[in-house]
Amino acid sequence: MKLDLAIRELHESEDTLARSLLTMSERHRDEHEIHHVARDLTRWSYAHLGELAEEGRRYGLNLDGKPGGSGTPAPLSGPAGPRTDPGMALLADLRRLYRAAAGVSLDWELLGQGAQATKDRELLALTGRCHPQTIRQMQWANAMLKSLSPQILAS
């Protein structure tokens, strides 16, 4: 059985997503909706990390239930300099965030399939609780891209 590998991979990708959301929140502090919603969505990823660490123990894993780097933000699109257009930087960050959330969603799907194949009800319940939240994170990034890109790209 290789579920331990799937749990470890998901834990790493969920950690990256959490730190990316935190970066998004900090980098775009002036965009209040981005700042506050990204902070709220970060809490879901933090909770997922804790639950994955707990489930991982059953598979012999010693995963940290907290985000890596003590909550240190992760780079999304590199440092924003004075010549960087803030709107384009926001779109670039949202695109990267969407792709990160899509990757985490895929990892949840794979873990769910493995849990189903091995009849691991606890792991299947975990995927049932957490995967929908990851889908919501991805949908939020997509919705922000759709609503912000026309004005930013046309200006």
Taking a ≥ b ≥ c as the square roots of the Cα gyration tensor eigenvalues, with a/c under 1.5 meaning rounded and otherwise prolate when a/b beats b/c or oblate if not, segment 2-44 comes out prolate
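Listing W108, W140 from the residue with the fewest other Cβ atoms within 10 Å to the one with the most, what is the order? Mind dumping the intermediate values first?
Numbers: W108 24, W140 21.
Neighbour counts put them in this order, fewest first: W140, W108.
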Excluding same-chain residues fewer than 8 positions from K2, which lysines have a Cα within less than 16 Å of its Cα? K119
Read-out Cα extents along the principal axes in Å, derived from the coordinates shown; its label in (i) 53, 29, 21; (ii) 43, 37, 23; (iii) 53, 34, 23: (i)
How long is the gain from L153 to E122 if the chain were fully straight, where each residue apart is worth 0.36 nm and the alpha carbon distance is subtracted? 6.6 nm
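FYI, it's all coordinate maths here, none of it is from the lab. Just so you know, these numbers come straight off a predicted model, no measurement behind them. All Cβ positions, even for glycine, are placed from backbone atoms using ideal geometry, and neighbour counts span all protein chains on display.
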